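Right, one structure below, let's go through it.
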Protein chains: 2
Amino acid sequence: MGSKVVIVGGTHGNELSGIQLLKQWQAAPEALARPGLSVSTLFANPSAHQANRRYLEVDLNRQFEPALLGDPALGNYEQSRAKVINQQIGPKGDSQTDLVIDLHNTTSNMGPTLILVDTTPWDIQLAAFVKSRMPEAVILVEDAKPPQQWGYLCTVGKRGVMVEVGPQSQSVLRHDILEQMETMTSLILDFTSLEVQGELPELPTSVLAYRFLDTRYLPMDEQGTPLAMVHKNLEQNDFAPLNPGDPMFQYFDGTVGYFEGDRPLYPHFINEAAYYDSHAAFSLAEEVTLDVPTA
Amino acid sequence: MGSKVVIVGGTHGNELSGIQLLKQWQAAPEALARPGLSVSTLFANPSAHQANRRYLEVDLNRQFEPALLGDPALGNYEQSRAKVINQQIGPKGDSQTDLVIDLHNTTSNMGPTLILVDTTPWDIQLAAFVKSRMPEAVILVEDAKPPQQWGYLCTVGKRGVMVEVGPQSQSVLRHDILEQMETMTSLILDFTSLEVQGELPELPTSVLAYRFLDTRYLPMDEQGTPLAMVHKNLEQNDFAPLNPGDPMFQYFDGTVGYFEGDRPLYPHFINEAAYYDSHAAFSLAEEVTLDVPTA
């Protein structure tokens, strides 16, 4: 049987790369076969995809917090779907699935980004393996809280990671983005297979990564209407340093808002279309060097 | 009073640059003032914007064909809105408005594009004026049929043009894109003002433009499911030449579809998100040199 891996696509219905890859793998499952692994796929939110939307009622990728999964009164479509997925491939905290790989797109220019929700030796070795074989990959760590407390779908597995690739407009399929997602997913399978067999190759001793700190919102008036937009210097420049004193917001009255900080930080999810209703402007990360444990 | 100009934003509810510019101009109308012109603004599809969608029922920018405007039985939201706009600033064919400037965004990398629906001396002089003062501007001519037969909103004026700027994801506001739209619109007002006063400056004798020929669709199976995506060589390369024999489609079975033609043509609206339901892959244009009539 081997170690159980589930690859999830369509957690957001208008992020098409993962949904397309699922179709291709269903037609040619041998592409997923790896020694020591039992790999299956899951189409997480088919109804949202049918409607050509991110979600129908609430963001499915925020519904996997234990309190939400455990409350049967929360019964809208995505809340229900989360509970079914938790039963099918979880349950969270005592999972039958060794690894969940959840595939996402962003409209931001984040390139192929591997999002880790934990920094166990396994996660860091994975990051080093992927980065060494795909130098354009970006490693983003979201460990502000323990994985069990995140609402992300990938946290229903014993381990979970997200593959986040952009820029790609919602409802659009880009050839280059599809290739990057396929390459990164394939490398994650390669690593997992080598690791369970005890055959990990020598890895770099350290790996450059970004650690999520917080999300910055557009300045708003008392009615919640944005007073500014993201400054053009940031546009398309995900993971480029934002230095103290750099322009950050362009106000509609012509003035400029500057970044106040004591060190360079790294914006990402810049102007992401899916976050526009919350008026999130971008997320900020710090640069970190992760020491890679020896295999 | 002067020559009557109407600037239209929000014809598509999720194309935010024009909607934002309308807000700014309403707060500071002096930005639109030009000698000899009477300039007003119109928010074309506020309900679609409220819903954060391109349209509620049908594409408003296809509802201005005479047969549609003249059929009272066509009464859904956008069909009704088109009739009201036609009364307010038209009527088409006998318009009270000398010029309609309709502001649009695209998710494609088309830069700041001036779309002409006619090639009168006025249109060509306008193109030469804009291009000489904004070299990054692209001139796109859609004259496959007379303006009166198009369904475009801008055809309700005696003259009409569209300002189409991208790439910008739906529901997102980009600072750089906003600036390009503002610059091009301002130049159109400058030209119109100079022209009505008989004060046109010397213009270049010719202007490079692209003439729309047809739209290419993704190859589909008998159920209407796409069998391919746009080849990555075209991605982000709007208005770059597509030569006979160049890759055009990447089929999901791994094969490649090549462009069959006898001369280079110029793809644009490549992978435009709004056209995804029709499976339009891109439009094709030929390069043309327009001789500019002397003023």
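The values are calculated or read from the model by the stated rules, or taken from the named source; none is laboratory data. From a predicted model like this one, the values you see are computed outputs, not experimental measurements. When we count neighbours, we look across all protein chains shown, and the Cβ atoms used for this are built from the backbone with ideal geometry, even at glycine.
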Q. Tally time: how many residues in the stretch B:150-183 are acidic (Asp, Glu) and within 24 Å of residue A:280 (Cβ to Cβ)?
A. 2
**Q.** Pick from the stretch B:248-276, criterion of a type in the set (A, V, I, L, M) and either without any contact (Cβ under 8 Å) to a residue 24 or more places away in the chain or under 30 Å from residue B:15 (Cβ atoms) (or both), ranking: farthest from the other protein chains (Cβ to nearest Cβ)
**A.** B:265
Q: Being acidic (Asp, Glu) and more than 14 Å from the chain's Cα centre (by Cα) is the filter here, so list the residues in the stretch A:148-180 that pass it.
A: A:176, A:179
Q: Considering (1) without any contact (Cβ under 8 Å) to a residue 40 or more places away in the chain; (2) surrounded by fewer than 22 Cβ atoms within 10 Å (Cβ to Cβ), say which one residue A:111 fails and leave the rest.
A: (1)
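Quickly run through the stretch A:239-256 and pick out the residues that are within 16 Å of residue A:225 (Cβ to Cβ) and either in contact with a Gly (Cβ under 8 Å, 6 or more places away or on another chain) or at pLDDT 95 or above (or both).
Taking the stretch A:239-256 first, the residues within 16 Å of residue A:225 (Cβ to Cβ) are A:249-253.
A:249, A:250, A:251, A:252 - these are the residues of the stretch A:239-256 that are within 16 Å of residue A:225 (Cβ to Cβ) and either in contact with a Gly (Cβ under 8 Å, 6 or more places away or on another chain) or at pLDDT 95 or above (or both).
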Q) Only one residue in A:16, A:56 is farther than 18 Å from residue A:89 by Cα and surrounded by fewer than 18 Cβ atoms within 10 Å (Cβ to Cβ). Which one? A) A:56
Q) Quick one: residue B:51 ticks every box in (1) aliphatic (A, V, I, L, M); (2) buried (at least 22 other Cβ atoms within 10 Å of the Cβ); (3) out of contact with any strand residue (DSSP E or B) (no Cβ under 9 Å at 6 or more places or on another chain) bar one, so which box is it? A) (2)
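Condition check ((1) acidic (Asp, Glu); (2) under 27 Å from residue B:105 (Cα atoms); (3) more than 14 Å from chain A (Cβ to nearest Cβ)) across all residues:
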{"site": "B:204", "(1), (2), (3)": "no, no, yes"}
{"site": "B:231", "(1), (2), (3)": "no, yes, no"}
{"site": "B:282", "(1), (2), (3)": "no, yes, no"}
{"site": "B:287", "(1), (2), (3)": "yes, yes, yes"}
**Q.** Meets criteria (at pLDDT 95 or above and touching a helix residue (DSSP H, G or I) at 6+ places or on another chain (Cβ under 8 Å)) for residue B:155
**A.** yes
**Q.** Pairs with Cβ under 8 Å, 6+ apart, first in the stretch A:201-215 and touching a residue at least 40 places away in the same chain (Cβ under 8 Å), second in a strand (DSSP E or B) and surrounded by fewer than 13 Cβ atoms within 10 Å (Cβ to Cβ)
**A.** A:205/A:291; A:206/A:289; A:206/A:291; A:207/A:289; A:208/A:289; A:209/A:289
Q. How about the stretch B:181-210: which of its residues are under 17 Å from the mean Cα position of the chain (by Cα), surrounded by 19 or more Cβ atoms within 10 Å (Cβ to Cβ) and either within 24 Å of residue B:98 (Cα to Cα) or of a type in the set (A, V, I, L, M, F, W, C) (or both)?
A. B:181, B:182, B:184, B:185, B:187, B:188, B:189, B:209
Q) Quick one: in the stretch B:19-34, which of the residues that are charged (D, E, K, R) and surrounded by fewer than 19 Cβ atoms within 10 Å (Cβ to Cβ) is farthest from the chain's Cα centre (by Cα)? A) B:30
Q: Return the pairs, sorted by first residue and then second, in which the second residue is basic (Lys, Arg), the first residue lies in the stretch A:131-149 and is farther than 18 Å from residue A:287 by Cβ, the beta carbons are less than 8 Å apart, and the residues are 6+ apart or on different chains.
A: A:148/A:92
Q: Can you tell me which residue among A:98, A:118, A:94, A:123 is surrounded by fewer than 23 Cβ atoms within 10 Å (Cβ to Cβ) and free of Cβ contacts under 8 Å to residues at least 12 places away in the same chain?
A: A:94
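Would you confirm, using the coordinates I've provided, whether residue A:172 is surrounded by 24 or more Cβ atoms within 10 Å (Cβ to Cβ), out of contact with any His (no Cβ under 9 Å at 6 or more places or on another chain), not in a helix (DSSP H, G or I) and not charged (D, E, K, R)? If you could, list the steps in order and put the result at the bottom.
Working: surrounded by 24 or more Cβ atoms within 10 Å (Cβ to Cβ): yes; out of contact with any His (no Cβ under 9 Å at 6 or more places or on another chain): yes; not in a helix (DSSP H, G or I): yes; not charged (D, E, K, R): yes.
Yes; evaluated as a whole, the condition is true for this residue.
I'd like to check something: does the stretch A:133-140 contain any residue that is in a loop (DSSP other than H, G, I, E, B), in contact with a Lys or Arg (Cβ under 7 Å, 6 or more places away or on another chain), away from chain B (no Cβ under 14 Å) and over 24 Å from residue A:71 (Cβ atoms)?
Taking the stretch A:133-140 as the starting set, the residues that turn out to be in a loop (DSSP other than H, G, I, E, B) are A:134-137.
Of the ones still in play, those that are also in contact with a Lys or Arg (Cβ under 7 Å, 6 or more places away or on another chain) are A:137.
Cutting the leftovers down to away from chain B (no Cβ under 14 Å) gives us A:137.
Imposing the further condition that a residue be over 24 Å from residue A:71 (Cβ atoms) reduces the set to A:137.
Yes, the stretch A:133-140 contains a residue that is in a loop (DSSP other than H, G, I, E, B), in contact with a Lys or Arg (Cβ under 7 Å, 6 or more places away or on another chain), away from chain B (no Cβ under 14 Å) and over 24 Å from residue A:71 (Cβ atoms).
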Q. Which residues, counting only those in the stretch A:234-247, are within 14 Å of another protein chain (Cβ to nearest Cβ), crowded, with 16+ Cβ neighbours inside 10 Å and either under 16 Å from residue A:108 (Cα atoms) or of a type in the set (Ser, Thr, Tyr) (or both)?
A. A:234, A:235, A:237, A:238
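Would you say residue A:176 is of a type outside the set (Phe, Trp, Tyr) and within 14 Å of chain B (Cβ to nearest Cβ)?
Numbers: of a type outside the set (Phe, Trp, Tyr): yes; within 14 Å of chain B (Cβ to nearest Cβ): yes.
Here the answer is yes, as residue A:176 does meet what is asked.
So, residue B:191, is that one part of a helix (DSSP H, G or I), touching a residue at least 12 places away in the same chain (Cβ under 8 Å) and over 16 Å from residue A:173 (Cα atoms) or not? Step through it out loud before you land on a result.
Values: part of a helix (DSSP H, G or I): yes; touching a residue at least 12 places away in the same chain (Cβ under 8 Å): yes; over 16 Å from residue A:173 (Cα atoms): yes.
When the stated conditions are applied, residue B:191 passes them.
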